[in-house]
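A quick write-up on the structure given underneath.
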Amino acid sequence: MPLRLTNNRDIHLAQEWIVQLHRWIAKYGLEGYDPFDIKAHPRIRALQRQPLLRKGSTALCDLFPTLSRRALRVRPSLNPKAIALVALGDLRLFQITGDSLHLDNGLDGLERLEALAVDGYRGLCWGYPFPVRAAGLDCPAGTPVTVICAIAGEAFLLAHEISNDRRYLDRAHSVSAFLLGDIPRIRRAGPGWCFAYTSLDKRRVHNANLLAVEHILRTAARTGDAEALPEVQPALEFSLSAQREDGAWPYGACDADEPYEPALMRLVDHHHTGFVLRSLHGIHTAAPSTVTLEALRAGYQYYKNLVLPSGMPVNGGGRWPVDIHACAEGVLCNSVLSPSLPGALAKAVLVLRWSHYHLRNPRDGAPWHRKYPFFKSRMVFPRWGVAWMYRALAEYLYVVRDTYQP
């Protein structure tokens, strides 16, 4: 991976780190543990039902991440989302460097991704390699998940943009067919309806809903489908109507008669807020609207306060622990929004510096999982940490590519 000369220390920092991650992925691959694989275990699930036990068990698993998984016989797995994220990063790196190695890696990743698709649905789809379990929810491993499908669809769209190969647009259209045909549309009191989080559950989660809307509209814009916007407009209205007065979005919506955990649905965290804003940006790009743009700007006014002056990313309800996923999103979201929102790139740089100093293994660049006030969880999760940071750094470097020296 050739580096391009630059006098900008932050660009050099990102280049150095992504080279380390590139080597880490080549050496270790993307199969490994995941923060949520252990949470599906019956013994951990039992502890998750009470807030204090949940926090204690989570901290214990963070303190002894490998030991706890071995004791509970949790096995490493390959997550399709990790493959999609790394493919996106590789395709961006090709756009930056012109090095065919990155293009080959990105397209190879898409082939691997397609081979892992779940059969029996109307289009391409993917699920997690472990069960997804929560209050009122029990989805077996492999159940198609809206978020994974939308991220994979984004990778196919970028491959089509680069190569102009119709096959990749067909794959993206296939993902849209799955989202439109197999993901339930949840209707409750209030405006519109919501795409469900998976093909089996009925949770109304804003980031998943908007990711589905974004992918469908971006694919429709590429294919010239004028019918897509009216079909998904109710889903967009559902999430736009849920924006709080301060600009934030809760994780989801939950009525009193539903079995889902109200505290989780009210949660405002860093990375899911970033998901929502990036999706709104993509939706507005594909189908410009003053309503969407105003919601995006108001949302960013809230989100920018989730980055402290030090660069430390925080959640709406507290500072600790700081998660590597929030760090990656702080770089990614601010980079994506920077061309249209003043000050966003500076925020991306702040998070980049903080993450590089606090949650990066200086020997090989591996991103550590979490920082607590008095210790760090030095577990490396391929999907949650490595793949997301690889994707984020590639996007940052893509945004600033014109500032490089020749």
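The values are calculated or read from the model by the stated rules, or taken from the named source; none is laboratory data. Values in this document were obtained by computation on a predicted structure and should not be read as measured data. Neighbour counts are summed over all protein chains in view; Cβ atoms, including those assigned to glycine, are modelled from backbone coordinates with ideal geometry. In case anyone asks, the SASA skips ligands and DNA or RNA and just uses the protein heavy atoms, side chains included. Shrake-Rupley method; radii C 1.70, N 1.55, O 1.52, S 1.80 Å.
When you go through (1) open to solvent by 10 Å² or more (accessible area, probe 1.4 Å); (2) aromatic (F, W, Y); (3) within 17 Å of V276 (Cβ to Cβ) one by one for W193, which number turns out not to apply?
Condition (3) is where W193 drops out.
Could you tell me whether any residue of the range 235-249 is buried (at least 24 other Cβ atoms within 10 Å of the Cβ), part of a loop (DSSP other than H, G, I, E, B) and not aliphatic (A, V, I, L, M)?
Yes, the range 235-249 has at least one match.
Would it be correct to say that S310 is at pLDDT 95 or above and open to solvent by less than 20 Å² (accessible area, probe 1.4 Å)?
No: the conditions fail for S310.
Let me confirm something: among Y302, Y396, which residue is surrounded by 23 or more Cβ atoms within 10 Å (Cβ to Cβ), in contact (Cβ under 8 Å) with a residue 24 or more places away in the chain and of a type in the set (S, T, Y)?
From the options Y302, Y396, the qualifying one is Y396.
Name the single residue, out of those in the range 260-280 being among the charged types (D, E, K, R) and touching a strand residue (DSSP E or B) at 6+ places or on another chain (Cβ under 9 Å), that is nearest to A242 (Cα to Cα). Before the answer, list the steps.
Start the filter on the range 260-280 by keeping residues that are among the charged types (D, E, K, R), which leaves 261, 266, 269, 278.
From the residues that got through so far, the ones that are touching a strand residue (DSSP E or B) at 6+ places or on another chain (Cβ under 9 Å) too are 261, 266, 269.
Working: E261: 18, R266: 11, D269: 15 Å.
Checked the range 260-280; the qualifying residue nearest to A242 (Cα to Cα) is R266.
Condition first: open to solvent by less than 10 Å² (accessible area, probe 1.4 Å) and touching a Gly at 6+ places or on another chain (Cβ under 6 Å). Now tell me which residues in the range 128-156 satisfy that.
P144, V145, listed by residue number.
Of the conditions (1) out of contact with any strand residue (DSSP E or B) (no Cβ under 9 Å at 6 or more places or on another chain); (2) more than 23 Å from L332 (Cβ to Cβ); (3) surrounded by 15 or more Cβ atoms within 10 Å (Cβ to Cβ); (4) at pLDDT 95 or above, V232 clears all except one; give me its number.
In the conditions (1) out of contact with any strand residue (DSSP E or B) (no Cβ under 9 Å at 6 or more places or on another chain); (2) more than 23 Å from L332 (Cβ to Cβ); (3) surrounded by 15 or more Cβ atoms within 10 Å (Cβ to Cβ); (4) at pLDDT 95 or above, V232 misses (1) alone.
Scan the range 370-393 for residues that are open to solvent by 40 Å² or more (accessible area, probe 1.4 Å) and part of a loop (DSSP other than H, G, I, E, B) and jot them down.
Selection gives P373, F374, F375, R378.
Among the residues of the range 295-335, write down those that are assigned to a strand (DSSP E or B) and among the small types (G, A, S).
Hit for the range 295-335 is G318, nothing else.
Scan the range 279-293 residue by residue and report those that are surrounded by fewer than 24 Cβ atoms within 10 Å (Cβ to Cβ) and closer than 24 Å to E154 by Cβ.
Matches in the range 279-293: H281, G282, H284, T285, A286, A287, P288, S289, V291, T292, L293.
Are any residues in the range 221-234 part of a loop (DSSP other than H, G, I, E, B) and among the acidic types (D, E), and if so, which ones?
Correct list: D225, E227.
Has the range 359-369 got any residue that is of a type outside the set (A, V, I, L, M), over 17 Å from G29 (Cβ atoms), assigned to a loop (DSSP other than H, G, I, E, B) and touching a residue at least 40 places away in the same chain (Cβ under 8 Å)?
Scanning the range 359-369, I find at least one residue that is of a type outside the set (A, V, I, L, M), over 17 Å from G29 (Cβ atoms), assigned to a loop (DSSP other than H, G, I, E, B) and touching a residue at least 40 places away in the same chain (Cβ under 8 Å), so the answer is yes.
Can you name the residue in the range 336-358 that is open to solvent by less than 30 Å² (accessible area, probe 1.4 Å) and part of a loop (DSSP other than H, G, I, E, B) and is also farthest from L21 (Cα to Cα) among such residues?
Checked the range 336-358; the qualifying residue farthest from L21 (Cα to Cα) is L341.
I'd like to verify a number: residues in the range 257-294 that are over 21 Å from A228 (Cα atoms) and either out of contact with any Phe, Trp or Tyr (no Cβ under 6 Å at 6 or more places or on another chain) or part of a helix (DSSP H, G or I) (or both), how many? Quick ask: steps written out before the conclusion?
Narrowing the range 257-294 to residues over 21 Å from A228 (Cα atoms): 257-275, 294.
Filter once more, so that each one left must be either out of contact with any Phe, Trp or Tyr (no Cβ under 6 Å at 6 or more places or on another chain) or part of a helix (DSSP H, G or I) (or both): 257-266, 268-275, 294.
Residues that pass the stated criteria total 19.
How about the range 237-254: which of its residues are hydrophobic (A, V, I, L, M, F, W, C) and under 19 Å from the mean Cα position of the chain (by Cα)?
A248, W249
Each row is one residue, and each column tells you yes or no for (1) modelled with pLDDT of 95 or more; (2) open to solvent by 30 Å² or more (accessible area, probe 1.4 Å); (3) under 21 Å from the mean Cα position of the chain (by Cα).
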position	(1), (2), (3)
G56	no, yes, no
P76	no, yes, yes
L110	yes, no, yes
L116	yes, yes, yes
L124	yes, no, yes
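Within the range 190-236, restricting attention to residues that are under 27 Å from D138 (Cα atoms) and acidic (D, E), which residue is farthest from the chain's Cα centre (by Cα)?
So the residue we want is D201.
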